[in-house]
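Following: one structure in structure tokens, then a few remarks.
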Amino acid sequence: MKCVAINGVKSLEVKEIADPVSVDGRVVVEVKKAGICGSDIHNWDAGAPEGLVMGHEFSGVVLDTGSRTDLKIGDRVTSLPISPCGECEACKSDNHQYCGQTWAHALGLTLDNPGSMAQKLPSARIW
Ligand SMILES: [Zn+2]
Ligand SMILES: [Zn+2]
């Protein structure tokens, strides 16, 4: 599939990467619309991290429901891009915003979770 990735200071490239597959129960989404956030502008301006597929504000349709039984293929969705651990005290009390891992693996902000400036993406971790 095609994606847009950072390849230097104020530089992006269109390139081919492997299609995402559902791992750890994650949902795979075909991206229909992707927004540009201020943090995307900062990453583009800095040229870092190089190789990042940005984009964490998006909408799309479900291609693979992963472990979610409340979704079906073709459902129109968006996703929280954050990655709370689901195990800590903050997560267990539904205060995911205070989890130390909330942004550690966020979609489109970290190299391990490519974002929505691509034709498809895997959702954030399911907990
Ligand atoms: Zn944002
Ligand atoms: Zn947590």
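Miscellaneous remarks
- The listed residue being part of a loop (DSSP other than H, G, I, E, B) and away from ligand 1 (no atom under 14 Å from the Cβ), out of H56, H105: H105
- Residues of region 108-118 that turn out to be away from ligand 1 (no atom under 16 Å from the Cβ) and part of a loop (DSSP other than H, G, I, E, B), as a count: 2
- The listed residues are C91, C85, and the only one of them that is buried (at least 17 other Cβ atoms within 10 Å of the Cβ), assigned to a helix (DSSP H, G or I), of a type in the set (A, V, I, L, M, F, W, C) and away from ligand 1 (no atom under 16 Å from the Cβ) turns out to be C91.
- Considered as a group, the residues in region 99-109 that are at pLDDT below 90 and either more than 11 Å from ligand 2 (Cβ to nearest atom) or closer than 15 Å to I17 by Cβ (or both) include one that is surrounded by the most Cβ atoms within 10 Å (Cβ to Cβ), and that residue is A106.
- Being in a helix (DSSP H, G or I) and buried (at least 19 other Cβ atoms within 10 Å of the Cβ) is not true of D45.
- Scanning region 73-102 for residues being in contact with a Ser or Thr (Cβ under 7 Å, 6 or more places away or on another chain) and aromatic (F, W, Y) gives a total of 0.
- Hits in region 82-127 (condition: touching an Asp or Glu at 6+ places or on another chain (Cβ under 9 Å), farther than 28 Å from K15 by Cβ and touching a residue at least 24 places away in the same chain (Cβ under 8 Å)): W127
- Of the residues making up region 44-76, those that are of a type outside the set (D, E) and farther than 22 Å from A18 by Cα number 8.
The values are calculated or read from the model by the stated rules, or taken from the named source; none is laboratory data. Just so we're clear, the structure is a prediction, and the values are computed from it rather than from any experiment. As a convention, Cβ positions derive from the backbone with ideal geometry for all residues, glycine included, and neighbour counts pool all protein chains shown.
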